[in-house]
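First comes the structure, then the notes that go with it.
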Amino acid sequence: MKFTVDHDYHIHSTLSACSKDPAQSTAHILQYAMENGYGQICLTDHFWDETVPGASRWYAPQNYDHVRKSLPLPRAEGVEFLFGVETEMTKDNILGISPERYDAFDFIIVPVSHFHMVGFALSEEDAATVEGRANRFLTKLEAVLAMPLPHHKIGLAHLANDTLGGRDLSMYCQVLRQITGDHLRQLFKKAAALGVGIELNTSCLAFRSEEEAQAVTAFYTVAKECGCKFYIGTDAHHPAQLVGQKAIAQCFADRLGLTEENQFHIGK
Ligand SMILES: [Zn+2]
Ligand SMILES: [Zn+2]
């Protein structure tokens with residue numbers, strides 16, 4: 001059977017500081033799931049645990065009391081609406097969630113590619129070169145996989161993301177090509193063994209050039225060859241970003257040749 005786009009595990013609500021859109025309510029998100037026939041969706045607002053020192057000024061207000069304002073999540077027949085978060089890993093490999101909080105969430109997504117946050121998620125020195133960016137991506141990914149996390153409910157958010165190149169398309173493609181090698185293969189093998197989910201983020205899959213399509217496909221092909229399991233996330237911050245994403249996801253899943261064997265499910 002084919003890989004089915006029957007879920008969305010990366011969605012922000014109005015609570016995320018980069019959304020603040022009253023129209024991006026949990027009621028609207030649930031409506032989106034019903035209209036697309038999704039059986040499982042997960043809310044993943046930005047989160048920094050207040051018990052972990054080192055939050056940036058932007059993250060600090062997005063603590064547990066803040067993200068849990070969305071509870072209880074609205075319900076509808078046939079849709080499982082899960083409560084997750086997108087946390088952060090700093091340039092010094094500090095993860096913005098403490099072990100005491102793991103049970104509070106159904107799913108925890110960890111980004112290692114938030115390289116637009118220079119000074120916080122990436123040092124100025126590493127940001128300056130393709131090699132610095134590629135190397136730091138790999139060492140961050142290695143660090144996440146070495147942590148004693150509840151791996152069955154960990155997702156690796158948008159690994160291939162144009163933020164890797166500071167939103168410069170040409171630099172992004174260069175960084176991706178630099179990353180796609182033996183070290184990456186080793187890390188994807190470990191990710192597969194641990195059972196973490198690899199995210200296919202539709203906001204990074206509407207390719208702007210053939211070069212980008214090839215670099216991203218080559219990157220995720222390594223993950224597939226290593227036995228990783230994948231899930232879809234829109235990373236939507238506004239209602240318009242929920243529209244048309246199912247087709248983009250299915251198109252890329254087909255391009256990678258994914259089947260149900262390659263599918264990651266939360267809680268399974
Ligand atoms: Zn992100
Ligand atoms: Zn996000």
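Take Thr44 and decide whether it is outside any strand (DSSP E or B) and under 19 Å from the mean Cα position of the chain (by Cα).
It is false that Thr44 is outside any strand (DSSP E or B) and under 19 Å from the mean Cα position of the chain (by Cα).
Scanning the range 6-32 for residues that are under 16 Å from the mean Cα position of the chain (by Cα) and more than 13 Å from ligand 2 (Cβ to nearest atom) yields a single hit, His7.
Taken over the range 77-89, the criterion of being buried (at least 22 other Cβ atoms within 10 Å of the Cβ) and in a loop (DSSP other than H, G, I, E, B) is satisfied by Thr87, Glu88. For the range 33-63, the set of residues classified as buried (at least 18 other Cβ atoms within 10 Å of the Cβ), more than 20 Å from Asp92 (Cα to Cα) and either of a type in the set (Val, Ile, Thr) or away from ligand 2 (no atom under 16 Å from the Cβ) (or both) consists of Ala33, Tyr38, Gln40, Ile41, Thr44, listed by residue number.
May I ask you to verify whether Phe252 is part of a helix (DSSP H, G or I), open to solvent by less than 10 Å² (accessible area, probe 1.4 Å), touching a residue at least 12 places away in the same chain (Cβ under 8 Å) and more than 16 Å from ligand 2 (Cβ to nearest atom)? Taking the combined requirement at face value, the residue satisfies it. For the range 121-180, a residue qualifies if it is open to solvent by 10 Å² or more (accessible area, probe 1.4 Å), part of a helix (DSSP H, G or I) and within 24 Å of Ala236 (Cβ to Cβ), and the qualifying residues are Lys153, Asp162, Leu169. Only one of the numbered conditions (1) within 19 Å of the chain's Cα centre (by Cα); (2) open to solvent by 30 Å² or more (accessible area, probe 1.4 Å); (3) within 22 Å of Ala223 (Cβ to Cβ) is violated by His114, and that is (2). Within the range 218-236, the residues that satisfy the criterion of being in a loop (DSSP other than H, G, I, E, B) and crowded, with 20+ Cβ neighbours inside 10 Å are Cys228, Thr234, Asp235. Could you grab me the full set of residues in the range 217-242 that are hydrophobic (A, V, I, L, M, F, W, C), under 20 Å from Val196 (Cα atoms) and within 16 Å of ligand 1 (Cβ to nearest atom)? Selection gives Ile232 alone.
The values are calculated or read from the model by the stated rules, or taken from the named source; none is laboratory data. What you see is a predicted model, and the numbers here were worked out from it, not measured in a lab. Don't worry about glycine lacking a Cβ; one is built from the backbone with ideal geometry, like all the others, and counts go over all protein chains shown. Heads up: the accessible areas ignore ligands, DNA and RNA and are worked out on the full protein's heavy atoms, side chains in. Shrake-Rupley method; radii C 1.70, N 1.55, O 1.52, S 1.80 Å.
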